[in-house]
Structures are given as structure tokens and as C-alpha cells.
Amino acid sequence: MTGQRAARRERTLEVEPLGPGRFRFTADLTDRSVGGDHEPPSPTAVIHDFRVTGEVEGPELRITALTVEALTHPYPQCPFILPTCDDLVGACLTSGWRATVLERLRGTAGCTHVVSLLLGLTELTTLTFFLTINESVPYGPEQRADGRWMAIGLAAVPTLAGACHVLAEDGPLLARARSHGGTGNPDT
């Protein structure tokens, strides 16, 4: 950016294991105005700052605890929809999450910032998969190249097979993983 007026959105997601198949997460969404005209005068201003914390468990990443906070917001009414988020406890991030969030928080029933943050929780899948795989094998170039990393990944999360172009069913990465015993098939 040129140093002129700008707006910036920052999103973070942190995940930590709590035990087998259980994870705690914190997600933040912060909007800032930089170099604008602010009251009181300041070089930056926080426009929105929302946080979601909670816990998930199981391969479907079922929400077992959820807290949504409006830390900074432009209008006093912004936090009024937060209790509606309690209805999301019990929903699964791996199946139907988007529809569930939009069903409960669409339009005037919700807040675009909270909805955006909640929809982004599906990114937990990648991070929890990583943490699960990393319990069994180091994350290193040799383990990824020879297929050991993905063999553990397929055993832990069979749905990784076919999830993207690198994980194509007939691709070289899955062939190497299968040579180390990773099937990607929950029945074998």
C-alpha cells in the first residue's frame, strides 16, 4: 500500500489438540482503518474485532463448545445476535456447516462479520488433520516425498483422497502413500 488511507482485514485461526480427536480453537476477525480521519484522532482505528472460541471433537469436527464475542464494533446493537450462535453447538464442520450457519444467521438475523468468521471455521479441517498426522510422523520434506506423511494422513482421514489435484486418486502422491500402507479407504 502507498501509505495513504486504507482498510485492512486480518483473520487468524489457531488450533491446539486437547486429546485424541479433540481440539480447541480461537478465530479472530479484525477490520482496521489506516491513515483515515478518526475520532479521536489516531493513525489507525479498529472498526470491527470479533472472536470465536470453542472446541470440536471427532472426525466430523462436531462443535462441543462455542463462544462468540464482539470486542469492538461500531454500533451498540452489533452484539445482539451473539446468543443465536449458541444454536450452533452440536453442528459438524465437515458436513452441512455452511447451510447451518446461513440458516440461523442469514441477513438481519445475523451479522456479516460473525457469519464470515463462523464460515471460516471449516478451515479447522486442514489444521486438525495436520495436527493428527503430525502425532505419528514428523512433518519434513523426506516424509512428504516418500509418502509416509500422506500414508498416515489417509489412515487418519480417508476423505483426503481426491480432495484436491495433488491428492488425485491416480496421482503419484497417493501411489507413494499407498506403498506405505495408506489406503484412503476406511474399509481396508
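The values are calculated or read from the model by the stated rules, or taken from the named source; none is laboratory data. Keep in mind it's a predicted model, so treat the numbers as computed, not measured. Neighbour counts run over all protein chains shown; Cβ positions are idealised from the backbone, glycine included.
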**OP:** Would you mind stating whether Glu55 is at pLDDT 95 or above and either over 30 Å from Met150 (Cα atoms) or part of a helix (DSSP H, G or I) (or both)?
**Re:** no
Original post:
For segment 34-44, does any single residue satisfy the condition of being modelled with pLDDT under 95, over 15 Å from Thr125 (Cα atoms) and part of a strand (DSSP E or B)?
Top reply: yes
**OP:** Look through Val166, Val137 and report the one residue that is over 20 Å from Asp28 (Cα atoms), part of a loop (DSSP other than H, G, I, E, B), more than 14 Å from the chain's Cα centre (by Cα) and modelled with pLDDT of 90 or more.
**Re:** Val137
Original post:
Among the residues of segment 140-163 satisfying the criterion of being at pLDDT below 90 and of a type in the set (Val, Ile, Thr), which is farthest from Pro59 (Cα to Cα)?
Top reply: Thr159
**OP:** Consider only pairs whose beta carbons are under 6 Å apart and that are at least six residues apart or on different chains; among these, list those whose first residue lies in segment 145-162 and is without any contact (Cβ under 8 Å) to a residue 40 or more places away in the chain and whose second residue is aliphatic (A, V, I, L, M) and outside any helix (DSSP H, G or I).
**Re:** Arg148/Val137; Trp149/Val137; Ile152/Val137
Original post:
What residue, of Thr128, Thr132, is in contact with a helix residue (DSSP H, G or I) (Cβ under 6 Å, 6 or more places away or on another chain), in contact (Cβ under 8 Å) with a residue 24 or more places away in the chain, part of a helix (DSSP H, G or I) and more than 19 Å from Glu69 (Cα to Cα)?
Top reply: Thr132
Subject >> Members of segment 152-170 found to be surrounded by 15 or more Cβ atoms within 10 Å (Cβ to Cβ) and farther than 15 Å from Phe130 by Cβ, listed by number >> reply: Pro158, Ala161
Original post:
Are any residues in segment 33-77 under 30 Å from Arg5 (Cβ atoms) and among the charged types (D, E, K, R), and if so, which ones?
Top reply: Asp37, Glu39, Asp49, Arg51, Glu69
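The rows are residues; the columns are (1) without any contact (Cβ under 8 Å) to a residue 40 or more places away in the chain; (2) under 15 Å from the mean Cα position of the chain (by Cα); (3) farther than 29 Å from Leu154 by Cα.
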{"position": "Pro20", "(1), (2), (3)": "yes, no, no"}
{"position": "Leu29", "(1), (2), (3)": "no, yes, yes"}
{"position": "Ala45", "(1), (2), (3)": "yes, no, yes"}
{"position": "Glu55", "(1), (2), (3)": "yes, yes, no"}
{"position": "Ala70", "(1), (2), (3)": "no, no, yes"}
Original post:
Of the residues Glu103, Glu14, which single one is surrounded by fewer than 14 Cβ atoms within 10 Å (Cβ to Cβ), part of a strand (DSSP E or B) and modelled with pLDDT of 95 or more?
Top reply: Glu14
Original post:
Which residues, counting only those in segment 111-142, are buried (at least 18 other Cβ atoms within 10 Å of the Cβ) and either among the small types (Gly, Ala, Ser) or more than 19 Å from Arg22 (Cα to Cα) (or both)?
Top reply: Cys111, His113, Val114, Val115, Leu117
